[in-house]
Structures are given as structure tokens and as C-alpha cells.
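The values are calculated or read from the model by the stated rules, or taken from the named source; none is laboratory data. For clarity, every value in this text was computed on a predicted model and none was experimentally measured. FYI the Cβ positions are ideal-geometry reconstructions off the backbone, even for glycines, and counts take in every protein chain you see. Surface accessibility is based on the protein's heavy atoms, side chains included, excluding ligands, DNA and RNA. Shrake-Rupley method; radii C 1.70, N 1.55, O 1.52, S 1.80 Å.
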Amino acid sequence: LGEVSRAAADLADGDYGRRVLVRGRDELASLGMSFNSMAEQVEAAALDLQTRAHELEATNLELRESEVRYRRLVELAPYGMLVHDGEVVLFVNPTAAALLGASESAQVVGRRVLDFVHPQSRDAVVERLARNIGGAATPRMEHKLARLDGTSIDVETAGIPFTYRGRPAVQVVFRDVG
């Protein structure tokens, strides 16, 4: 019984390979066999968890690297990229900010999406917003947008449903066609 107690303490300390010597066929031998069976299961589970932890670490590293590549692509893209929730602008890349007449993204983020839509294009854009929020992509289409200084800009836009910070959103890509 003392050997089973010491083996249990070793197992609790992380020695998952610890087994007890089983002699005979009495109740203590049966206890020892049960302990050994349990220890094998604990060892297998610990190895499985360790393997999964390594795989998760590798996956997280790949995800972080992918995020960095995507962020660089978005920041350096020659196209305007804007993310909104159907009402409010949540993100713009530097190109989008410039196309909308802003010197920095903060001048655009937090404002209503429709603030940047020229009245001439408002109905078409409202329809496209509804389609995007409903989960459908919208193909390329030309619109007029309103810049911060009130002037208009002719753009071609396309939008797709998008997840931004864990919430449904729309990503719009646009370029100057004027």
C-alpha cells in the first residue's frame, strides 16, 4: 500500500511514467493494476495535451504572422479600404483617408458612413449597405463619394461581409476613377 501511495504522490508531481510493481492476485495487487491503468491513461492524456499545446502555439504563430502580412498589405495598398458596421466607419487605411480628403484616419473613423456618400449616390449605396449587412458581397460599381471638404470624388467600390474585432462588419475597397 505504501508503494501505491508513493506512486500516487509521484504521479501528482508530474511523473506520469510512474507505475507500481504488482505481485500476486489479492486486493492490493488489484489496486496496483488499477493504479497502473489509470497512470497509463493520465500519461496518454498528458502527452496528447502537450502535442495539442505545441500545435496551438504553431497555429498562433502562423496567425500572428498572417495578421502582420495582412496589416502591411492593407496599410500599403494603393486602394482605399474602409470597414464599417453599416452605420459607422470603424477603420480606414491611409489611402482611404486620403481619398476622402483626410490627413489621418482619425478624421474618418467614428463618423457615419453616409457622411461620405454624395447625395447623388445615396440610394444605391444604402441598398448595397443592406446587402452587405445581410451577408452578401456587392460587385464593383461606380459611385460618387463626398470628401471632408465637401467636394465629390468618383470611385469604384466593392464590398464584402467581414468580421471586425469579433463583430459583423463590411469591408469596402474603393479606388478613384475620376
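Values as computed for the structure displayed
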{"quantity": "Average accessible area per residue (Å²) across the chain - probe 1.4 Å, nucleic acids and ligands excluded", "calculated": "64"}
{"quantity": "Within a Gaussian network of the chain (alpha carbon springs, distance under 10 Å), most fluctuating of Ser152, Ser66, Ser37", "calculated": "Ser37"}
{"quantity": "About the Cα centre, charge dipole magnitude for the chain (Lys/Arg +1, Asp/Glu -1 at Cβ), debye", "calculated": "520"}
{"quantity": "Max mean-square fluctuation residue, GNM over the chain, Cα-Cα springs under 10 Å, options Glu40, Glu67, Glu57", "calculated": "Glu40"}
{"quantity": "Rounded tilt (10° steps) of 2-12 against the dominant C-alpha axis of the chain", "calculated": "10"}
{"quantity": "Accessible area of the chain belonging to carbon and sulfur atoms, whole % at 1.4 Å probe", "calculated": "53"}
{"quantity": "Between helix 27-76 and the chain: long-axis angle, C-alpha atoms, 0 to 90°, nearest 10", "calculated": "20"}
{"quantity": "Identified option (computed Kirkwood radius over Cα pairs in Å; candidates (1) 20.7; (2) 18.7; (3) 20.0)", "calculated": "(1)"}
{"quantity": "Cα-based helix-to-principal-axis angle, 122-133 vs the chain, degrees rounded to 10", "calculated": "10"}
{"quantity": "Inter-label distance, nm, simple model (7 Å from Cα along the C-beta direction), Glu67/Val42", "calculated": "3.6"}
{"quantity": "Segment 103-178-segment 86-102 distance, computed between alpha-carbon centres (Å)", "calculated": "9"}
